[in-house]
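I have placed the structure first, in the form of structure tokens, so that the comments after it can refer back to it.
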Amino acid sequence: MTELTWGMLRQLTETPAPPGEEGPVRDMIARWIHPHVQSLRIDALGNLIAEKKGQNESPLRIVITAHMDEVALLIFEIDDQGLLHVGRSGGVNLRTLVGKSVLVGPKRLPGVVCLRPPHYAHSASEYRETPDIEDIRIDIGAKDAKAAKNKVKTGQRIVFDTPLQMLGPVQTLDDDDPLPPQGRIAGKAFDDRMGCAALLSLLMADDLPLDITAVFTVQEEIGLRGALAAGLGVQPDLVIVLEGTVCDDLPGPSHEKRFPTTRLGDGPALTQRDGSVVVHPLLLQHFLRQARAHNIPTQFKHPGIGGTDAAGYARWLGMPTGIISTPCRYIHGPAAVAELSDFHHGVALLRHSMTDLPAVLTPSSPQGS
Ligand SMILES: [Zn+2]
């Protein structure tokens, strides 16, 4: 079985792919999976669709999917001082923006997110409060508008510039090393490159039990656009969405009774329902049965939070859909943190769930848990 390497995860997370400009990540994934799949195509919207033969033909068209795009900023205006005024492309967490390093435009020019220094705040509230997106500027080192316009254009995208790192005890990893079985990592775009990495792991295995269709989607962060196009194009009978999801297991104010959405290290998160979808109950039961049978730790994602491509497939297209996620702290910001054991357990659960997956939706199959 081919293993995902540290270098692959590093390139996967560090490469920019704002909504609508997923090309560099798509090309990279296509190059890696090419030797392992029977067909590869890119649809008109930019989704990457691969067919992989397993040991058994599947009576159902099974789609396993992850989105390639990440939240980003968009250049709206270039002012007289050569500073960039921006808007959001997806739900960037504004509270994490100021002072961060970013990459601007297709040439990935370095920039810094800036705001008036606290010394010059007009009021105490300006000092304390989260800035409006209209007050944020990006400094690319241009001395005036002309210099800036020679380098960038309105409409170009901006993403965080964050290297992938192993946290905790110093551990030197070479690009060829396999991913460690456990340990915490920090980097950008874990939503949803952790899902892409899980799907890559599945595709690179030579002993997949069933035929699958892998779909790496575009433009999830701006309204599930790729998933809707892919769902209509591929017409799956069953969909499994792989995500990097919210993890807010940090201590809150002492008076606040908190129910974290997920907890780091408690295993992959299974969604029952979120803000926009109820997952297929038989698929959820199947995941839980497989987890129990193979001693894989799992946790339920606290219901009601967030939304994913699953809503595109289940809510809009009526397709049976399940979701398996890697919990990630601080998603939609410059650096998220994930636990590698959660990721590996998610891949293991996915692989084991392949075994009798078609039976899940076949009426004659045992459906009890
Ligand atoms: Zn996502």
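The values are calculated or read from the model by the stated rules, or taken from the named source; none is laboratory data. As the structure is a computational prediction, the values presented were derived from the model and not from experiment. In this analysis, Cβ positions are derived from the backbone assuming ideal geometry, glycine residues included, and neighbour counts consider all displayed protein chains.
Report the residue count in the stretch 80-94 for those that are over 14 Å from residue 18 (Cβ atoms) and within 20 Å of the chain's Cα centre (by Cα). Before you say what the answer is, go through the steps one by one.
Residues of the stretch 80-94 that are over 14 Å from residue 18 (Cβ atoms), as a first pass: 80-85, 93-94.
Imposing the further condition that a residue be within 20 Å of the chain's Cα centre (by Cα) reduces the set to 93-94.
Of the residues in the stretch 80-94, 2 are over 14 Å from residue 18 (Cβ atoms) and within 20 Å of the chain's Cα centre (by Cα).
Keeping to the stretch 246-270, report how many residues are at pLDDT 90 or above and either more than 16 Å from the ligand (Cβ to nearest atom) or part of a strand (DSSP E or B) (or both).
Number satisfying all stated conditions: 7.
Return the residues of the stretch 26-75 that are over 21 Å from residue 346 (Cβ atoms) and of a type in the set (Asp, Glu); say none if nothing qualifies.
Result: 27, 43, 51, 57.
Out of 309, 274, which single residue is surrounded by 24 or more Cβ atoms within 10 Å (Cβ to Cβ) and in contact with a helix residue (DSSP H, G or I) (Cβ under 7 Å, 6 or more places away or on another chain)? First the steps, then the outcome.
Values: 274 fails: in contact with a helix residue (DSSP H, G or I) (Cβ under 7 Å, 6 or more places away or on another chain).
Of the residues listed, the single one that is surrounded by 24 or more Cβ atoms within 10 Å (Cβ to Cβ) and in contact with a helix residue (DSSP H, G or I) (Cβ under 7 Å, 6 or more places away or on another chain) is 309.
Return the total of residues in the stretch 36-62 being touching a Ser or Thr at 6+ places or on another chain (Cβ under 9 Å) and of a type outside the set (Val, Ile, Thr).
From the stretch 36-62, those touching a Ser or Thr at 6+ places or on another chain (Cβ under 9 Å) are 36, 45-52, 59-62; that's our starting set.
So of that shortlist, the ones also of a type outside the set (Val, Ile, Thr) come out as 36, 45-48, 50-52, 59-61.
Here the count works out to 11.
Each row is one residue, and each column tells you yes or no for (1) touching a residue at least 12 places away in the same chain (Cβ under 8 Å); (2) closer than 17 Å to residue 351 by Cα; (3) crowded, with 22+ Cβ neighbours inside 10 Å.
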{"position": "165", "(1), (2), (3)": "yes, no, no"}
{"position": "177", "(1), (2), (3)": "yes, no, no"}
{"position": "208", "(1), (2), (3)": "yes, yes, no"}
{"position": "224", "(1), (2), (3)": "yes, no, yes"}
{"position": "237", "(1), (2), (3)": "yes, no, no"}
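Tell me yes or no: at least one residue of the stretch 210-221 is crowded, with 24+ Cβ neighbours inside 10 Å and over 19 Å from the mean Cα position of the chain (by Cα).
Yes, there is a match, as at least one residue in the stretch 210-221 is crowded, with 24+ Cβ neighbours inside 10 Å and over 19 Å from the mean Cα position of the chain (by Cα).
Residue check: is residue 173 within 25 Å of residue 267 (Cα to Cα) and over 20 Å from the mean Cα position of the chain (by Cα)? Break it down stepwise before answering.
Values: within 25 Å of residue 267 (Cα to Cα): yes; over 20 Å from the mean Cα position of the chain (by Cα): yes.
For residue 173, the condition - within 25 Å of residue 267 (Cα to Cα) and over 20 Å from the mean Cα position of the chain (by Cα) - is met.
Looking at the stretch 292-331, which of its residues are aliphatic (A, V, I, L, M) and touching a strand residue (DSSP E or B) at 6+ places or on another chain (Cβ under 8 Å)? Quick ask: steps written out before the conclusion?
Residues of the stretch 292-331 aliphatic (A, V, I, L, M): 293, 296, 305, 310-311, 314, 317, 319, 323-324, 331.
Passing the criteria: 305, 310, 314, 319, 323, 324, 331.
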